[in-house]
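The structure appears below as structure tokens.
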Amino acid sequence: MPELPEVETIRRQLAPRVAGRTIARARVFDPLWSAPVAPREVERKLRGRRIEALRRRGKYLIADLDEDRHLVMHLRMTGNLLWVAPEDDRPERPHLRVRLTLDDGHRLLFTDQRRFGTGVVIDGTHLLETYLSERVGPEPLDPAFTPDVLARAARGRRAPVKAFLLDQRRVAGVGNIYADEALFRAGIHPLRPAGRLRRAEIERLHRGIVEALERGIERQGASIDDYRDSNGDRGSMQDEFLIHLRAGEPCIRCGRPVRKTLAAGRGTYVCSRCQPAPRPRRRATPA
DNA sequence: ATTTTCCCCTGCCGGC
DNA sequence: TGCCGGCAGGGGAAAA
């Protein structure tokens, strides 16, 4: 699933290619992608606009257009954003949802098997910032993301730390894969209440988040199933998972078998020795 | 206000 | 072999 490292990989590949290009044609084939806005309206708003920059915020990809217009895209589960050369005359990709044809003949193809991916056109910097600030919190790879920031975000939270990490308003860009990896790196059990982590644990978690994400970017993302970069190539992070998807295998740190459990409603991989389970604290203890 | 549950959607997988 | 229920999961809405 595209999380921060996957989206960042795509952004880095595409940013220099699209900067300064104009959208010559726009086609939205799937109304679900732009819902509730009609595809024709989105096409009209994109056609003729010049792409000034391609940015990322959490898992969102943002194309800044001229006239203070912004195209905000989310790949969700199975979305891909492919870069196709003008001379590439292979048949259209399966599950094609959107096609942007640039003035140099290149095409940007948004494909999405599961159809969860979205795109929204937002006019004006202020509305864009509102849209984003309602959805995403601090950028974990920004220098401003310090252990103190993480500690403040976690303060008072009773939710399991895994649910906390998956909440995009707490920390931006962390999904199921990198949450597992970060928690294992930090030696913290996913069901520990976020607000009850000690300072030392917050610092380990901070480091775990940053290092897991950075490694993911270095490896061009994780391609378990559908994820491909903008060239259609797989990442290699899936070959370096420390804990994710390793159920039954020995923990790389202690040798105990990795267990798969459920946390925050998501499949979660954990080493019961390296990530000690929280002591269940009761509110009312029946005799 | 925060946390939990349900739902969107499609392909895959195990069971019968 | 083939059908089918169950599952996966990001995020948003609704419910608790």
Away from DNA strand C (no atom under 15 Å from the Cβ) and of a type in the set (Val, Ile, Thr): does that describe A:Thr78?
no
Do any residues in the stretch A:264-285 that are more than 15 Å from A:Val161 (Cα to Cα) and outside any loop (DSSP other than H, G, I, E, B) have Cβ atoms under 9 Å from those of residues that are away from DNA strand C (no atom under 16 Å from the Cβ) and at pLDDT 90 or above, where the two are at least six apart or on different chains, and which pairs are they?
none
Exactly one of A:His106, A:His95 is within 17 Å of A:Arg27 (Cβ to Cβ), out of contact with any Leu (no Cβ under 7 Å at 6 or more places or on another chain) and away from DNA strand B (no atom under 16 Å from the Cβ), and that residue is A:His106
Can we say A:Ala277 is under 29 Å from A:Thr9 (Cα atoms) and at pLDDT below 90?
no
Going by the conditions given, is A:Gly124 away from DNA strand B (no atom under 16 Å from the Cβ), surrounded by fewer than 19 Cβ atoms within 10 Å (Cβ to Cβ) and closer than 20 Å to A:Gly20 by Cβ?
no
Tell me the residue from A:Gly248, A:Gly265, A:Gly255 that is of a type in the set (Gly, Ala, Ser), in contact with a strand residue (DSSP E or B) (Cβ under 9 Å, 6 or more places away or on another chain) and more than 22 Å from A:Gly216 (Cα to Cα), please.
A:Gly248
Can you tell me which residue is nearest to DNA strand C (Cβ to nearest atom) among those in the stretch A:81-113 that are assigned to a loop (DSSP other than H, G, I, E, B) and closer than 22 Å to A:Gln220 by Cα?
A:Gln113
Taking the stated definitions as given, is A:Lys45 in contact with a Leu (Cβ under 9 Å, 6 or more places away or on another chain) and surrounded by fewer than 22 Cβ atoms within 10 Å (Cβ to Cβ)?
yes
Log entry, pairs with first residue in the stretch A:209-229 being under 18 Å from A:Arg246 (Cβ atoms) and crowded, with 17+ Cβ neighbours inside 10 Å, second being polar (S, T, N, Q) and at pLDDT below 90, beta carbons closer than 7 Å, six or more apart or on different chains, reads A:Arg219/A:Ser236; A:Ala222/A:Gln238; A:Ser223/A:Gln238
Answer with yes or no whether A:Leu102 is over 30 Å from A:His189 (Cα atoms), surrounded by 16 or more Cβ atoms within 10 Å (Cβ to Cβ) and over 18 Å from the mean Cα position of the chain (by Cα).
yes
Go through the stretch A:22-58 residue by residue and tally those that are touching a strand residue (DSSP E or B) at 6+ places or on another chain (Cβ under 6 Å), of a type in the set (Lys, Arg) and under 20 Å from A:Thr111 (Cβ atoms).
2
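The values are calculated or read from the model by the stated rules, or taken from the named source; none is laboratory data. Quick caveat, the model's predicted, so the values are computed rather than measured. Note: ideal-geometry Cβ built from the backbone for every residue, glycine included; neighbour counts use all protein chains shown.
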